[in-house]
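See structure below.
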RNA sequence: GUGGCUGUAGCUCAAUGGUAGAGCUCCGGUUUGUGGUACCGGCUGUUGCGGGUUCGAGCCCCGUCAGCCACCCCA
């Protein structure tokens, strides 16, 4: 029996990596004053069909009919859930809301490296503020999030765009608003398709390909100026690149949209997001009308990227090492002293140390090997000399003797060994 | 959903159509209180699954499932 296609078993070493990832996510979000929430994993399929998500994501819905004849779907993203929750109770919270979520999402697609059917996503949203300052806060958060893994502007770039610019463009060319979605889809695919095909698709709009191309390539994008100067003041200008070619696939985006791309290798987008000022009103039939901006980051692509960037990999490895399953291994050199070893281990554990010892009689050499492979920093040898014990640093094999009653004090003084 | 490549031990891989092997991991040991190297020993396979061709298939053919890559799209 194997897991279903696109689903993964997380063995302890896999889970440790995920914990590291989630730890950085939470840490960064909190540094920006965000609070964590969660919603149901299973939702009514209507939540995703109802004039919001739209686009390709509907074809990837992991949906079915439940025993109560309800059309349901595992969430492909959390934004609709967030929008529903906020619309329902936003009056209970001061604005703007700074909310984040770490949750499992599902999309029924053919799996590939960095793309699974079940994945973990970090979502961060700021609701109740439509200013460029809010946009900048979110882009800055995304940049710091990626930097928290040891990634630099040599490793990734945030491509910034604004759908408003495209709406203006369409206005100038006399295209009615209702066709904007269809048009943005052409822009979205433009950089991946041959020019002839794009040109052909533009015919119904009466827009020449050259006009589109020069618009995408123009240097100044007035609608992004406030956002860029804000990022400049934060010292983050080097992490972003204005690029009108980015429009994003989701239908509910209204203004600024952005995507984080890896600069090396052929990984897909690491993160993506944008402004969705009408989603809450749409989902609540107007009862709640809050502007919002947010982004999502997936676990799979980020883990792949960390593997490819040496500095990020090194940082991850040292973090994992510091989080080793065992800090102190108690070596029982004389089996008759086991009761003393048991008492000591419980005492150390109550002080917060991660402690292990052999459950049965074992050769001392083997015990040291076990201590080593468990990642222990210290070994405490309990033997015939009890109540004197030996404390040994595994890394440099330095060993000293001390009375058992002095052990806790000794550990206090060497607190730096306690990696947490 | 479309196309291409691949499927042998837990992992990485061998095996001109003729009795399925190696390394690593794991477990045990190298005379009984000190660990990452060395040495010795041990365990593990319906060769992904199902058919077909053949005296004989891990190898050839068909199907199927899974994985990888590209497309699609996105985290």
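Residues considered: A:3, A:40. Of these, the only one that is within 12 Å of RNA strand B (Cβ to nearest atom) and farther than 30 Å from residue A:179 by Cα is A:3.
Of all residues in the range A:135-166, which are under 30 Å from residue A:178 (Cβ atoms) and either out of contact with any strand residue (DSSP E or B) (no Cβ under 9 Å at 6 or more places or on another chain) or surrounded by fewer than 22 Cβ atoms within 10 Å (Cβ to Cβ) (or both)? Across the range A:135-166, the qualifying residues are A:159, A:164, A:165, A:166.
All of (1) away from RNA strand B (no atom under 13 Å from the Cβ); (2) surrounded by 12 or more Cβ atoms within 10 Å (Cβ to Cβ) hold for residue A:67 with one exception: (2). Number of residues in the range A:11-23 that are within 16 Å of RNA strand B (Cβ to nearest atom) and either surrounded by 15 or more Cβ atoms within 10 Å (Cβ to Cβ) or assigned to a helix (DSSP H, G or I) (or both) equals 7. When the range A:239-266 is filtered for residues that are outside any strand (DSSP E or B), closer than 24 Å to residue A:154 by Cβ and within 8 Å of RNA strand B (Cβ to nearest atom), only A:266 remains. Which one is modelled with the highest pLDDT among residues in the range A:110-129 that are within 24 Å of residue A:21 (Cα to Cα) and not in a strand (DSSP E or B)? Among those residues, the one meeting the criterion is A:117. If you go through the range A:267-277 and pick out every residue that is modelled with pLDDT of 90 or more and not in a strand (DSSP E or B), you end up with 3.
When A:142, A:212 are checked against the criterion of being in contact (Cβ under 8 Å) with a residue 12 or more places away in the chain, farther than 29 Å from residue A:87 by Cβ and part of a helix (DSSP H, G or I), a single residue qualifies: A:212. What are the residues in the range A:377-406 that are part of a loop (DSSP other than H, G, I, E, B) and either near RNA strand B (Cβ under 7 Å from one of its atoms) or under 45 Å from the mean Cα position of the chain (by Cα) (or both), if any? A:377, A:383, A:384, A:385, A:394, A:395, A:396, A:397, A:398, listed by residue number.
There is at least one residue in the range A:119-127 that is assigned by TED's automatic domain parsing to the domain that holds residue A:17, touching a strand residue (DSSP E or B) at 6+ places or on another chain (Cβ under 6 Å), closer than 24 Å to residue A:40 by Cβ and more than 16 Å from RNA strand B (Cβ to nearest atom). The residues listed here are A:26, A:8; of these, the one that is within 15 Å of RNA strand B (Cβ to nearest atom), in contact with a strand residue (DSSP E or B) (Cβ under 9 Å, 6 or more places away or on another chain) and within 25 Å of residue A:315 (Cβ to Cβ) is A:8.
Entry remark, the range A:197-218: residues being more than 38 Å from the chain's Cα centre (by Cα) and either within 16 Å of RNA strand B (Cβ to nearest atom) or over 22 Å from residue A:172 (Cβ atoms) (or both) number 1 in total.
Screening the candidates A:137, A:191 for the property of being more than 15 Å from RNA strand B (Cβ to nearest atom) and touching a residue at least 24 places away in the same chain (Cβ under 8 Å) yields one hit, A:137. Of all the criteria given as (1) free of Cβ contacts under 8 Å to residues at least 12 places away in the same chain; (2) closer than 30 Å to residue A:229 by Cα; (3) touching a helix residue (DSSP H, G or I) at 6+ places or on another chain (Cβ under 8 Å), the one not satisfied by residue A:147 is (3). Give the residues of the range A:345-373 that are touching a residue at least 40 places away in the same chain (Cβ under 8 Å) and within 10 Å of RNA strand B (Cβ to nearest atom), sorted by residue number. A:370, A:371 - these are the residues of the range A:345-373 that are touching a residue at least 40 places away in the same chain (Cβ under 8 Å) and within 10 Å of RNA strand B (Cβ to nearest atom). Among the conditions (1) more than 16 Å from RNA strand B (Cβ to nearest atom); (2) outside any helix (DSSP H, G or I); (3) over 27 Å from the mean Cα position of the chain (by Cα), residue A:153 misses just one, which is (3).
Is there a residue being surrounded by fewer than 18 Cβ atoms within 10 Å (Cβ to Cβ), modelled with pLDDT under 90 and under 30 Å from residue A:128 (Cβ atoms) anywhere in the range A:314-330? No, every residue in the range A:314-330 fails to be surrounded by fewer than 18 Cβ atoms within 10 Å (Cβ to Cβ), modelled with pLDDT under 90 and under 30 Å from residue A:128 (Cβ atoms). Of all residues in the range A:35-73, those satisfying the criterion of being assigned to a loop (DSSP other than H, G, I, E, B), at pLDDT 95 or above and in contact with a helix residue (DSSP H, G or I) (Cβ under 8 Å, 6 or more places away or on another chain) are A:37, A:39, A:40. Screening the range A:215-238 for residues that are under 16 Å from residue A:157 (Cα atoms) and without any contact (Cβ under 8 Å) to a residue 40 or more places away in the chain and picking the one that is surrounded by the fewest Cβ atoms within 10 Å (Cβ to Cβ) gives A:235.
The values are calculated or read from the model by the stated rules, or taken from the named source; none is laboratory data. This is a predicted model, so every value here is computed, not measured. Neighbour counts are summed over all protein chains in view; Cβ atoms, including those assigned to glycine, are modelled from backbone coordinates with ideal geometry.
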